[in-house]
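What follows is calculated from the coordinates using simple rules that are stated; it is not laboratory data. On a predicted model such as this, the values are computed, not experimentally measured, just so you know. FYI the Cβ positions are ideal-geometry reconstructions off the backbone, even for glycines, and counts take in every protein chain you see.
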Amino acid sequence: MKLLYAPASPFSAKVVMAAHYLDIDINLEPVDTVAPAEALLAANPLGKIPTLITDDGETLYDSRTIMHFLDSMAEEKRLYPRKPEKRAAVERMEALCDGICDAVVLVVYEKRYRTPETWHQPWVDRQWDKIRRGLDYLDENPPIFKKKLNAGHFALGGLLGYLMLRFPGEWEEHRVRLTRWPSAFEEAFPAYRTLKPHV
Ligand SMILES: N[C@@H](CCC(=O)N[C@@H](CS)C(=O)NCC(=O)O)C(=O)O
C-alpha cells in the first residue's frame, strides 16, 4: 500500500501513527499539495492528503475513511472500541481534533494562498474561535491513557504536533493538561517522537 502524504500534515500524521501502531506496512510517498502532482489528482480529485492507494489499486480518502480501513485490516489491536457507545466517544474525539485541524489549516492557508491585500482578519478570527473553544474542551477532557490507544489519541497527537510546529507559543497558555499531553503520549507511544508532524 502507498500513502500520498506530507510530513507536516496533521491528518497524514494521524494515519501514519495509526498504521505504525497496528503494525501495518505502508510505503510513504511525499507529495506537494501546493502544486499537486498528477498522481495525487488522479488518485483524489480533491488533491488532498492523506490519500491511500491499496494493493488492489483502490484509492481511499479522507483520513477517517483510511483510519476505518486500517482498523478493518488490524489483527490484534484496534483503533476503535467495539462497544457502540465507547466507539462513538472515540469517533467524536477524532472528529473534534480533525475539525480543529481544519480550522488551523485554514488559518495557515489564508496567508499561504491569498495575497496580503485580500487577507480577511474576521475570517481568521472565526477560525481561531473554533480552535480556542475546541482546545479548551480538550484541555478539560483530554483522552486518557489506559492499556490501549485509540483513534482519538492519534488524532490529538496529530493536532498538537501541528500546533507545536506552526503556532508555538500561541495556544498553550492556561492549557496545562494539553501542554503536557504530548510528552505523556510519547511515553505511551514512543514513535510519536519521529512520526508527529514535522518539516
Ligand atoms: N478531511 C480531510 C482533510 C485533509 C486536508 O485538509 N489535508 C490538507 C493537508 S493537511 C490538504 O491536503 N490540503 C491541500 C488542499 O486543501 O488543497 C482528511 O481528514 O483527510
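Of the trypsin sites (Lys or Arg not before Pro) in region 145-199, the ones in a loop by DSSP (not H, G, I, E or B) with at most 12 other beta carbons within 10 Å are K146, K147, K148. This model, with +1 at the C-beta of Lys and Arg and -1 at the C-beta of Asp and Glu, gives region 2-73 a dipole about its Cα centre of some 300 debye.
Determine the calculated [θ] at 222 nm for the chain from helices alone, applying -39500 (n - 2.57) to every DSSP H run no shorter than 4 residues and normalising by the residue count; nearest 500 deg cm²/dmol.
Per the formula, -18000 deg cm²/dmol.
Relative to the Cα centre, the charge distribution of the chain, modelled as +1 at Lys and Arg Cβ and -1 at Asp and Glu Cβ, gives a dipole magnitude of about 620 debye. Using the structure shown, list the pairs from K86/K111; K48/K147; K48/K77; K111/K148; K2/K196; K48/K83 with a Cα-Cα distance above 30 Å, or answer none. Beyond 30 Å between Cα atoms: K86/K111; K48/K147; K111/K148; K48/K83.
When Rg and the Kirkwood radius Rh are both evaluated on Cα atoms of region 2-73, their ratio Rg/Rh stands at 0.93.
For the pair region 141-180 / region 93-116, the C-alpha centres are spaced 16 Å from each other.
Measuring r between the beta carbons of K77 and E29 and using R0 = 25 Å, the FRET efficiency lands at 0.50.
Based on C-alpha pairs under 8 angstrom that are at least 6 apart in sequence, region 2-73 has a relative contact order of 37 percent.
So if we plug the beta-carbon distance of T59 and R112 into 1/(1 + (r/R0)^6) with R0 = 35 Å, what FRET efficiency do we get, rounded to 0.05? List each step's numbers first, then the result.
On the way: r = 25 Å, r/R0 = 0.73.
Efficiency, rounded to the nearest 0.05: 0.85.
In region 39-197, the C-alpha radius of gyration followed by the widest Cα-Cα span (Dmax) gives 16.9, 53 angstrom.
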